[in-house]
Amino acid sequence: MTSVRSFYSRWAALYDRIATAPGVGRWRRAAARRVASPGATVVEMGCGTGANLPYLREVVGEEGRVTGVDLTRPLLEVARGRIDGYGNVEVVVGDATDPPIREADAVLATFVCGLFSDPAAVVDLWCDRLGPGGRIGLLDATASERACGRPLTPAFRAFVAAGSPALGPADVLRAPFGAVDDELSRRIDTARSALVDRTVDRRYETFGLGFVGLLTGTVADGYHE
Ligand SMILES: C[S@@+](CC[C@H](N)C(=O)[O-])C[C@H]1O[C@@H](n2cnc3c(N)ncnc32)[C@H](O)[C@@H]1O
């Protein structure tokens, strides 16, 4: 957790540029629209620099409430600048694996589940906190299975290595020739499986040549097959 915090603290400004790069807003708006609704209370886990917060606010409107939770203070400082002027949007320092929020109508986590050592347990906890009827959405990047995306796998691997708190420059150079994204994919698959186990009304859609997937659902009344 300390390495995650120090990694993102060091790269806060650069991370914000990547998080708000042209085209990325379309994925974020789609994620916000799938989980949030007018008047809802939404929690964004691992909100980083708050790139999703304006989209969530757009959907919940003046009657709703949006809270972003993140471990990394320098990222939250950028987020605070982004939400300045919205009375019903706030960010708080907290651990998404044990969030300081007890009640919400919806949870969104974008590009976060790959950082958890036990993503299934975390998604399960979020579903427990939401309760039946709560909306949950996970937006994550994994290697593309689409023909148009496959040639870009080496570049994707280098991007994954560069964004991994535990890896260094030599790993980034080696990454295109290895399977550095395997652990990331395993964690994301695990998080998505947990969401599938707990939800109904699911929808899965992809963006960015198939590298980015958005899985959303409504927490069911108990477990189901
Ligand atoms: C790749 S960034 C994604 C940020 C943001 N969700 C976005 O889409 O731009 C991962 C974020 O997760 C945060 N994070 C990682 N582990 C966390 C945890 N256990 N609790 C809260 N935040 C966490 C990091 O501080 C960082 O802001």
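When only residues in the range 174-217 that are under 16 Å from the mean Cα position of the chain (by Cα) and among the aliphatic types (A, V, I, L, M) count, which is modelled with the lowest pLDDT?
Checking each candidate, the answer is LEU184.
Every residue in the range 92-121 that is more than 8 Å from the ligand (Cβ to nearest atom), open to solvent by 20 Å² or more (accessible area, probe 1.4 Å) and not hydrophobic (A, V, I, L, M, F, W, C), please.
Scanning the range 92-121 gives ASP98, PRO100, ARG102, GLU103, ASP105, SER117, ASP118.
Quick one: how many residues across the range 1-59 are at positive phi, touching an Asp or Glu at 6+ places or on another chain (Cβ under 6 Å) and either outside the structural domain of VAL212 (by TED's automatic domain parsing) or more than 11 Å from the ligand (Cβ to nearest atom) (or both)?
Total meeting the criteria: 1.
Within the range 60-72, which residues are within 15 Å of the ligand (Cβ to nearest atom) and either in contact with a Ser or Thr (Cβ under 7 Å, 6 or more places away or on another chain) or at positive phi (or both)?
Restricting attention to the range 60-72, the residues satisfying the condition of being within 15 Å of the ligand (Cβ to nearest atom) are 66-72.
Correct list: THR72 only.
Any idea which of ARG17, ARG33, ARG65, ARG80 is charged (D, E, K, R) and either in contact (Cβ under 8 Å) with a residue 40 or more places away in the chain or touching a helix residue (DSSP H, G or I) at 6+ places or on another chain (Cβ under 8 Å) (or both)? Show your work before the answer.
Numbers: ARG17 fails: either in contact (Cβ under 8 Å) with a residue 40 or more places away in the chain or touching a helix residue (DSSP H, G or I) at 6+ places or on another chain (Cβ under 8 Å) (or both); ARG65 fails: either in contact (Cβ under 8 Å) with a residue 40 or more places away in the chain or touching a helix residue (DSSP H, G or I) at 6+ places or on another chain (Cβ under 8 Å) (or both); ARG80 fails: either in contact (Cβ under 8 Å) with a residue 40 or more places away in the chain or touching a helix residue (DSSP H, G or I) at 6+ places or on another chain (Cβ under 8 Å) (or both).
That would be ARG33, the only listed residue that is charged (D, E, K, R) and either in contact (Cβ under 8 Å) with a residue 40 or more places away in the chain or touching a helix residue (DSSP H, G or I) at 6+ places or on another chain (Cβ under 8 Å) (or both).
Just checking, does the range 165-173 include any residue being within 10 Å of the ligand (Cβ to nearest atom), at negative phi and modelled with pLDDT under 95? Outline the logic, then answer.
From the range 165-173, those within 10 Å of the ligand (Cβ to nearest atom) are 165; that's our starting set.
If we keep only those that are at negative phi as well, we get 165.
The next check asks that each one be modelled with pLDDT under 95; those that pass are 165.
Yes, the conditions are met somewhere in the range 165-173.
The values are calculated or read from the model by the stated rules, or taken from the named source; none is laboratory data. As the structure is a computational prediction, the values presented were derived from the model and not from experiment. Using ideal geometry, Cβ is built from the backbone for each residue, glycine included, and neighbour counts are taken over all protein chains shown. Only protein heavy atoms, including side chains, enter the accessible area calculation; ligands, DNA and RNA are left aside. Shrake-Rupley method; radii C 1.70, N 1.55, O 1.52, S 1.80 Å.
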